[in-house]
1. Would you point out which residue out of 281, 263 is assigned by TED's automatic domain parsing to the domain that holds residue 217, touching a strand residue (DSSP E or B) at 6+ places or on another chain (Cβ under 9 Å) and closer than 19 Å to residue 46 by Cα?
2. Would you point out which residue out of 205, 263 is without any contact (Cβ under 8 Å) to a residue 12 or more places away in the chain and not in a strand (DSSP E or B)?
3. Which pairs have Cβ atoms under 6 Å, sit 6 or more apart or on different chains, and link a residue in the stretch 215-237 that is in contact (Cβ under 8 Å) with a residue 12 or more places away in the chain to one that is part of a helix (DSSP H, G or I) and crowded, with 20+ Cβ neighbours inside 10 Å?
4. Here is a check on your reading of the model: is residue 94 under 28 Å from residue 205 (Cβ atoms), in contact (Cβ under 8 Å) with a residue 60 or more places away in the chain and over 19 Å from the mean Cα position of the chain (by Cα)?
5. Does the stretch 227-240 contain any residue that is assigned to a loop (DSSP other than H, G, I, E, B), assigned by TED's automatic domain parsing to the domain that holds residue 44, surrounded by fewer than 20 Cβ atoms within 10 Å (Cβ to Cβ) and touching a strand residue (DSSP E or B) at 6+ places or on another chain (Cβ under 6 Å)?
6. Only one of these conditions is not met by residue 266: (1) in contact with a helix residue (DSSP H, G or I) (Cβ under 9 Å, 6 or more places away or on another chain); (2) within 19 Å of residue 73 (Cβ to Cβ); (3) crowded, with 24+ Cβ neighbours inside 10 Å. Which number is it?
7. Determine if the stretch 121-128 includes at least one residue that is assigned to a loop (DSSP other than H, G, I, E, B), under 11 Å from residue 284 (Cα atoms) and touching a residue at least 40 places away in the same chain (Cβ under 8 Å).
8. Looking at residue 89, is it assigned to a helix (DSSP H, G or I) and either modelled with pLDDT under 95 or within 25 Å of residue 222 (Cβ to Cβ) (or both)?
């Protein structure tokens, strides 16, 4: 009798989990998103799930959807070897249409901790862990050639990034999905805990998503990497990657109210647009090369 009751409980829990996931996916896909056309082939999409209706929490999601085909727009990487700047400063200085924060960096001394190449010039090498192993955010890459963006997965070799032929390379991660196949995520606190997140996704039609999820606030809980991966999949991406998140998470759009910052960065611990953290590198959206 006890065994039968236990099996019944397991089945019911499994059913409840599946039902919750199905509800989350429906809420995300069918919600009334706010959509604004920013420029030719670029739109800004936002929604505040403020009734604890996504992963049983409030969530604030903002993303750019970009048609990455034809002559415009183009994507680019901008990085500094030592100086840290806000995402909005990077965007303004590069006369960009928009920008999101990039990969992981040395908060104290500046500079990326992951390999970065811009315009064919290597600006930073990987800072390996104490046992000379790669961090998870050094096992995938955002590559851009002629303004077109793609994602690549580490092949296990020591000099993999050096052999990538694209003129612009930014290592980050972990990779969430590649060509329709889910990537395995570890069980560390970084993966399991909810934080502000920044991600890039690619749809089957080639459209690019540059996405932020706010967090560390009652208005938006943030997401675990599993929740982020599901969100990118439900938005139609078949490839996606996690970028630096936490206090770095920023989406900036030229001319947008609030100094151009669309989301709610957390460094000032307020629910406003003024809490940007200075970062070492960004992904830019530009009209031309």
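The values are calculated or read from the model by the stated rules, or taken from the named source; none is laboratory data. Note that the coordinates shown come from a computational prediction; the quantities given were computed from them, not determined experimentally. No Cβ is skipped: glycine too gets one built from the backbone with ideal geometry, and neighbour counts run over all protein chains shown.
1. 263
2. Within the list 205, 263, the selection yields 205.
3. Short answer, once both residue conditions are applied: 234/28.
4. yes
5. no
6. That leaves (2) as the condition not met.
7. So far as the stretch 121-128 goes, no, none of its residues is assigned to a loop (DSSP other than H, G, I, E, B), under 11 Å from residue 284 (Cα atoms) and touching a residue at least 40 places away in the same chain (Cβ under 8 Å).
8. Here the answer is yes, as residue 89 does meet what is asked.
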